[in-house]
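The values are calculated or read from the model by the stated rules, or taken from the named source; none is laboratory data. Because the structure is predicted, anything quoted here is derived from the model rather than measured. Cβ placement follows ideal geometry from the backbone for every residue including glycine, while neighbour counts extend to all protein chains displayed.
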Amino acid sequence: MTANLFEQIVRLRRGASRRARRLLYGLRCKRFGRGVEIADHVLIFRPEFIEIGDGVTINDRVILQSCEGAELTIGDRAVLSYGAYILTGGRALADGKVAQTHSRAPVSIGPGVWIGAGAIVLPGVTIAASAVVGAGSVVTKDVPEGCKVVGSPARPI
């Protein structure tokens, strides 16, 4: 009986924290759709440049990083699995060396996209509708509609 009570308390606490996150990000994001699920330990940087569609699922330890001026758009019913990173900025390269400036470019994730655990989507990438990004992949180029990509760098399979 005690274990059952403990499980109920944990479930209630988790539900309350998820509702609080939805409320917080709902107020701060450029667009925040209905039915968005945000799990524990999600980091969202610069939410004012992020649009999240209806029914999106963002799992544990996902990082959404939007640099100023580089928007991040996530389409309806997209799923971001555990530990995925979506980045709109990073260090610029000059002559093969890391420069002291940052580069930034928008990222677009289409509706119905599934991004696997630990995948990284780099700045300037568009992932079209219903595409699948395999776990641990590094997406450096656009992904066509319905395409499945895996690897580092990600390639169609």
Name the pairs whose Cβ atoms lie under 6 Å apart, with the first residue in region 137-149 and polar (S, T, N, Q), the second assigned to a loop (DSSP other than H, G, I, E, B), and 6 or more positions between them or separate chains?
Ser137/Ala119; Ser137/Gly151; Ser137/Ala154; Thr140/Leu122; Thr140/Pro153
By residue number, the members of region 125-142 that are in contact with a strand residue (DSSP E or B) (Cβ under 8 Å, 6 or more places away or on another chain) and either of a type in the set (S, T, N, Q) or in a strand (DSSP E or B) (or both) are Thr126, Ile127, Val132, Val133, Ser137, Val138, Val139
Scope region 38-87; condition modelled with pLDDT of 95 or more, among the hydroxyl-bearing types (Ser, Thr, Tyr) and more than 14 Å from Arg21 (Cβ to Cβ); matching residues
Thr73, Ser81, Tyr82, Tyr85
When the residues of region 46-72 are narrowed to those that are among the polar types (S, T, N, Q) and not in a strand (DSSP E or B), which ends up farthest from Gly90 (Cα to Cα)?
Asn59
Can you name the residue in region 117-142 that is within 15 Å of Ala84 (Cβ to Cβ) and among the small types (Gly, Ala, Ser) and is also surrounded by the most Cβ atoms within 10 Å (Cβ to Cβ) among such residues?
Ala119
Could you list, in sequence order, all residues of region 92-122 that are modelled with pLDDT under 95, in contact with a Ser or Thr (Cβ under 8 Å, 6 or more places away or on another chain) and not hydrophobic (A, V, I, L, M, F, W, C)?
Arg104
Taking the stated definitions as given, is Glu145 among the charged types (D, E, K, R), part of a loop (DSSP other than H, G, I, E, B) and within 25 Å of Gly35 (Cβ to Cβ)?
yes
For region 77-90, which residues satisfy the criterion of being crowded, with 17+ Cβ neighbours inside 10 Å, in contact with a Pro (Cβ under 7 Å, 6 or more places away or on another chain) and assigned to a strand (DSSP E or B)?
Leu87, Gly89
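To keep it simple, each residue is scored yes or no on (1) crowded, with 19+ Cβ neighbours inside 10 Å; (2) among the acidic types (Asp, Glu); (3) within 15 Å of Ile115 (Cα to Cα).
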residue: Ser17; (1), (2), (3): no, no, no
residue: Tyr25; (1), (2), (3): yes, no, no
residue: Lys30; (1), (2), (3): no, no, no
residue: Val36; (1), (2), (3): yes, no, no
residue: Gly75; (1), (2), (3): yes, no, yes
Going through region 114-136 in order, the residues found to be farther than 20 Å from Phe49 by Cα and β-branched (Val, Ile, Thr) are Ile115, Val132, Val133
